[in-house]
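I have placed the structure first, in the form of structure tokens, so that the comments after it can refer back to it.
The values are calculated or read from the model by the stated rules, or taken from the named source; none is laboratory data. Here the structure is a predicted model, which is why all the values come from computation and not from measurement. Reconstructed Cβ throughout: ideal geometry from the backbone, glycine too, with neighbour counts over all protein chains shown.
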Amino acid sequence: MRNLCLLLIVIVLLAACTKSTIKKYGCDELPLSGSICIPNIFTPNDDGINDVLYVRQSPGLPQIDTMVFRILDGTGAILFYSSDPAVGWDGSYNGKKKSGVYTIEIEATLVGGQIVEYSGTVTCMTKNPNEYVVDDCANCRFDNQFNGNGGFDSGLPTGEPNGVCP
Ligand SMILES: [Ca+2]
């Protein structure tokens, strides 16, 4: 009986320790779609899958004339800036990548004059995906799920290994 109690205590402690390393992250809201699209999750871990956060454009919709694309941290500091859709954020700031939820700000003028302003969030997962629990995977859209037609299709494969919103 004593051994059983010890075993139970060890199991509980192990479970507690394991749990403490799991971090919860967003996808609280659906990503921007339309003429300008941007995913709400990316995984800059250098595996070649959803590693860079790009502003995406659909060929059949009005294209970007001018754009300001910013990433901010929780304090409002600007971590990344781009005015070129071909230049995306690789998750790094001062040479380091840190998982978390960051703020996206986009201000763009489309060819034809329409103005798009967007403020939202992106979940950045830099390490082993098994470390994380995403709050609402049903809302997560990866770059691989961009459908080229004004949005993201949750039915398209993420390309991510099991553990990240499979
Ligand atoms: Ca990746």
**Q.** Members of the range 24-45 found to be within 16 Å of F146 (Cα to Cα) and either among the basic types (K, R) or in a strand (DSSP E or B) (or both), listed by number
**A.** L32, I36, C37, I38, I41, F42
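Results for (1) away from the ligand (no atom under 16 Å from the Cβ); (2) surrounded by 13 or more Cβ atoms within 10 Å (Cβ to Cβ); (3) polar (S, T, N, Q); (4) outside any strand (DSSP E or B), shown as yes or no for each residue.
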{"residue": "I49", "(1), (2), (3), (4)": "no, yes, no, yes"}
{"residue": "V68", "(1), (2), (3), (4)": "yes, yes, no, no"}
{"residue": "G76", "(1), (2), (3), (4)": "yes, no, no, yes"}
{"residue": "P85", "(1), (2), (3), (4)": "yes, yes, no, yes"}
{"residue": "T103", "(1), (2), (3), (4)": "yes, yes, yes, no"}
Q: Sort through S58, S99, S92 and tell me the only one that's more than 20 Å from C27 (Cβ to Cβ), touching a residue at least 40 places away in the same chain (Cβ under 8 Å) and within 16 Å of the ligand (Cβ to nearest atom).
A: S92
Q: Scan the range 49-70 residue by residue and report those that are among the small types (G, A, S) and modelled with pLDDT of 95 or more.
A: none
